[in-house]
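Right, one structure below, let's go through it.
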4 protein chains.
Amino acid sequence: MPRKGCIHYGVKIKLIKNTDRYILMSSITKKFEMATKADRTKQFIVEQTASVFNVKGFAGTSLTDMMEVTGLTKGSIYGNFKNKDEVAVAAFEHNFQQVSNYIRGKMEERPSIIEKLLVYPETYRNFSKLSFLSNGCPIANTSTEADDTHPQLKEKANEALTYWRNSVEKLLKAGIKNDEIKPDVNVLEFTSILTALIQGAMLHAKSSGKMNYLNASMNYLESMIRELKN
Amino acid sequence: MPRKGCIHYGVKIKLIKNTDRYILMSSITKKFEMATKADRTKQFIVEQTASVFNVKGFAGTSLTDMMEVTGLTKGSIYGNFKNKDEVAVAAFEHNFQQVSNYIRGKMEERPSIIEKLLVYPETYRNFSKLSFLSNGCPIANTSTEADDTHPQLKEKANEALTYWRNSVEKLLKAGIKNDEIKPDVNVLEFTSILTALIQGAMLHAKSSGKMNYLNASMNYLESMIRELKN
Amino acid sequence: MPRKGCIHYGVKIKLIKNTDRYILMSSITKKFEMATKADRTKQFIVEQTASVFNVKGFAGTSLTDMMEVTGLTKGSIYGNFKNKDEVAVAAFEHNFQQVSNYIRGKMEERPSIIEKLLVYPETYRNFSKLSFLSNGCPIANTSTEADDTHPQLKEKANEALTYWRNSVEKLLKAGIKNDEIKPDVNVLEFTSILTALIQGAMLHAKSSGKMNYLNASMNYLESMIRELKN
Amino acid sequence: MPRKGCIHYGVKIKLIKNTDRYILMSSITKKFEMATKADRTKQFIVEQTASVFNVKGFAGTSLTDMMEVTGLTKGSIYGNFKNKDEVAVAAFEHNFQQVSNYIRGKMEERPSIIEKLLVYPETYRNFSKLSFLSNGCPIANTSTEADDTHPQLKEKANEALTYWRNSVEKLLKAGIKNDEIKPDVNVLEFTSILTALIQGAMLHAKSSGKMNYLNASMNYLESMIRELKN
DNA sequence: AATGAATGAGCATTCATTCAT
DNA sequence: GATGAATGAATGCTCATTCAT
C-alpha cells in the first residue's frame, strides 16, 4: 500500500487537511521517467507552485500557500529545496520555459521568418486562454517585484528577457540574411519595440481587464512585422 | 521646547533606535502652511513611504520599513492612518501625482500638441534622474503586484492608467480638431501603443540596467509622434 | 458660542467622528448644580462609561470605548481621572449606587419590614427592565473579573457586598426587635441565602437568556421572606 | 537526545526566559498513552492554561501568560490551536469536566439519591482545597465575562449550566420514581435554588475571602436536601 | 480645561526554517 | 525521503498613557 503523502507512480496521494483532492502529476513526468523519486517530487513542487508565485509574487506567496497547492508538508518541501528562494527561482524558470516552449513549438510549424514572428502577437492576444500566461507575463511580474528586494530573481528575470531578445534578434538577422527581411531594418530597435509593446500591452490588459487595448497594440505589431518583408 | 518625535518647524527631530538621521520635511510643507499638524504628518508619512512602496511593493514593505523611513513610531503612523493599506493607497496616489504633475508642468511650456506629446518620451528617457520615476513606473509596479492580492490598489492603478490614457486621447483629439494632427489617426491604437511602449520599455531598462533598449523604443515613439503631423 | 467638545449647561455638544448624537447630561446634574465644571465632567464620564464597564468588564473596556460613549477625547478623560482604574472604580460605585438608590427608594414606600424585604425579589425579577441591572449585577460582574487581576476593584466589590449584607441584616434585626419577625431567625444564614440566591439566579438568567429559573428562585425567596413573619 | 522545548517522556524540559521551572506533565498523560505527540501537547496546553483563564478571564489572559505557564513558545501554541479562542474554549471545557468528573466520582460511592445530592454542598464547602474550584466556579467566571464580548464562550458556559441542571433534575426524578423523594417536590424550583445558591455562595466566598457565608448557605442547602426525603 | 499628536510596550498571529523521529 | 512538532523573529495593529499646545 502506498504511504500517504508520497508521490506514487506519478500520482499524488496525500490529502491535506480538508482537501480531498487527488492531484495528478503533470504530463511532463509521464513523458520521460525521471531518474529518482526526489527529482520527480522537485518537479512536482515546481509545477504546482509556479502559478502561485506568478500571481502572488515572491513576498506574497507563503509556505502555507505552497503546502496547500502541492498537498505536501513543509518538511517535504524543505527536503527537496534549500529554501523558499530556491523554489521561487525554479518556479520562475518553469514559468518562462512554459512560455518559450509554447512559442518555439508554434514557430516550428511556420515556414517563414515573418510567419514565425507573427507567433508573438498571436500568442499574447490569446494569453488568457494559456494557463502559463493567464496571470500575466512571468518576466514582467517577477522583474517588477524582485527589483532590489530579491537580486537572484531579478537576475533570472533579466536572463529571460535577454534570451527573448536574442531569439527575436536571431530571427531578424536570419531573415535579413536570406533576403526575406529588408536589409536596413534596425534590429535593436525592432526587438526593443516588439518586447516592450507586448509587455506593456499585457500589463494594460491585466490592469483594465479589457482586451481592446491589447488587441490594438497587437494589431499594430502585426502590421509592423508584415512590413519587415523585403 | 519641541517634544521629541514631533515634526517641528518642518524638521523631524526624533531619532529612532539606531537611525541617527535627521530628516527634512519635504518642500511641500514649506510652500504653504497646512491646516493642522495631523495633515502635515500625514503628508510627511506619504512622502517618505512613497518610494519604499514603489520599490518593495505592498507585501514587501513592512511597518518597520515605514518607521525607519519616517523616523516615526508605529503608534504615530496608526494615529494618522487607519492601517497599512490606507498608507499604501495614499503613497500610490502621491507617486502617480508626482509623475503627472511633472508631465503636466512640462506640457504647459510647449506651444503645440505634438510638442506636448513629445514630453512623454523625453520624460521616460530621463527616468533615472527623476526621483519619482527612478524606481520604475508606479502604475506598472503597483498593478503587477496588486493583481488578485490587493483589489483596492489594483483599482487605483487601473484608475491611474485610465487617467493617463484619457490625457493622451484628449491631446490627440484636440490636435485633430485644430488640424495639427492627421484626421485619420487611430486614437485608441495610438494611445495604446504610446502607453504600452513606455511601460514595457521602462521595465526593460529597470530589468537590464541598460538604457539602450529604452532609448531605442523612445526614438521610435518620437518618430511616431512626429509623423502624426498633418 | 460654546466651544466644541465642552459640556455646556449640562449638555454635551461635541460630536465625535460619525456619531451625530447630542447627549444630555443625566438627571443627577439637574437636581443639584455641581460646584465646578470639572465635577460635572467627571460625573458625566462616570455615568456614560458605567454600563460599558458593567457589560465588557475592566479588561474588555478600552479607552476608545470610553471615548465613543462619552464623546470626549482621551486627553479630557485623563484630565479628569488619573487613569483607567480610577474611572472603573468610580463607574462601579455609580453602578452600585444606582441599584441601592432604587431599592432604598422602593423600600421607603413600604410600611413593614417584610414588605421592604420583598423589594429584593421584586426588583431582580424585573432586572431586564432596569437599565442599571439589565447587564447583570455589578457586584457579580466586577468581583468575578477583578479576582486577583485588579485588587482595588475587588475590594470595592467586596465593600458593596458587605454593604448589602449589612442592609439586609439591619432590616432583619429591626424586624426581630419590633416583633414583626420570628425571634429565632438565623440572621447570618438568611442574609447569606438571600444575597447568594439573587446573585446566582441573576447569573442563570443572564447565561440562559430565560426567565423561568430566576422566577422559580424568586418565588422561593418570596415565600421564605413571608415565613419570617412572627 | 530530546530536542529542547519538546515534551519528552511526560516531562517539559525547555526553560523559557527567566522561568527556571521544570513542569511535570499532568497525571492524565501517564494514565494512558495518547495517540500522537500533538494530542499530548494540546492536552498539556489546555491543562496548564485552564486555571489562568479561570482566574484572569479571556480578555485578561495574554499569549505571554500562556507561554509562561506552559513553557512553550507562541509558535508551538499556534501549531496546536487555531487561535486564542480555541484554547480558551478547550480550557473551559477542561475546567468544567474536572468539576463534573469529581462530582460524578463522589456520587458513585453514595448509595441513595439524597446522599448523592449532598455531594454538592460538601464539594463546594471545600472548594478552596480543590484546585479546579479554588479560583471560583468556571461557569460563573466564564459566563459573567463572556456576556456579549465572547459569544462562543458564553454558549459553552450556558451548555455547562444546562448540563448541571439536567443532572440535578434527573437525580430528583429518579428519587421521586423510587419513592425516596417526596412526590410533590417542585423539580424546576429545587434545581434552580440548588444551582443558584451554590454559585451565589461561591461568589461571596471568593469576594469576601471568608467561609462563613458560604458555609451558612451550604448548611441551609443540606437541610433542604434532607427534607426531600419521603 | 481640553485637545490631539505622539509614544512604545504590548497584543494576537504568521512567517520561513529546523530537525528528531 | 518524508513527517510534523517546535522555533523565535517578524508581522500588522491596539493599548493606556503623556504632554506641548
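Counting from the shortest, the label point at residue C:101, 7 Å from Cα toward Cβ, is 5.0, 5.7, 8.1 nm from the same position in each remaining copy. Summing Lys and Arg as +1 and Asp and Glu as -1 over all other residues whose Cβ lies under 11 Å from the Cβ of residue B:175 gives a net charge of +2. Distances between equivalent label points of residue C:68 across the copies, with each point positioned 7 Å along Cα→Cβ, amount to 3.0, 3.0, 3.6 nm, shortest listed first. Residue by residue along B:215-226, Cβ atoms of other protein chains within 10 Å of the local Cβ number 3 on average.
Applying 1/(1 + (r/R0)^6) with r as the Cβ-Cβ distance of residue B:65 and residue D:38 and R0 = 41 angstrom yields a FRET efficiency of 0.70.
Classify region D:52-121 from the C-alpha gyration tensor, please: rounded if a/c falls under 1.5, else prolate or oblate depending on whether a/b exceeds b/c. The shape class here is prolate.
Model label points for residue D:179 and residue A:166, set 7 angstrom from Cα along the Cα-to-Cβ axis, are 10.4 nm apart. The convex hull drawn around the Cα atoms of region D:92-230, when projected onto a plane and averaged over every direction, covers 8.1 nm². Remark: for residue pairs C:106/D:129; B:74/C:84; C:177/D:182; C:129/C:182, the C-alpha separation exceeds 32 Å in C:106/D:129; C:177/D:182; C:129/C:182.
Shown here is the pair-distance distribution of region D:128-176: with all Cα-Cα distances grouped in 5 Å bins from zero up to the longest one, the shares run 5, 20, 19, 18, 18, 12, 7, 2, 0 percent. Comment: the Cα-to-Cβ extended label point of residue B:148, at 7 Å, lies 2.6, 4.3, 4.8 nm from its counterparts in the other copies, nearest first.
May I ask for the distance between the Cα centers of region B:113-166 and region A:94-123, given as a whole number of Å? Between the Cα centre of region B:113-166 and that of region A:94-123, the gap is 30 Å. Round to the nearest 0.05 the FRET efficiency obtained for residue B:82 and residue D:100 when R0 = 41 Å and r is the Cβ-Cβ distance. For residue B:82 and residue D:100, the calculated efficiency is 0.35.
Backbone amide hydrogens, once placed in the peptide plane, bring residue B:181 within less than 5 Å of B:176, B:230, excluding anything fewer than 5 places away on its chain.
Computed from the coordinates by the stated procedures, all read-outs in this text should not be read as laboratory data. On a predicted model such as this, the values are computed, not experimentally measured, just so you know. A quick note on method: Cβ atoms are made from the backbone with ideal geometry, for glycine too, and the neighbour counts reach across all protein chains shown.
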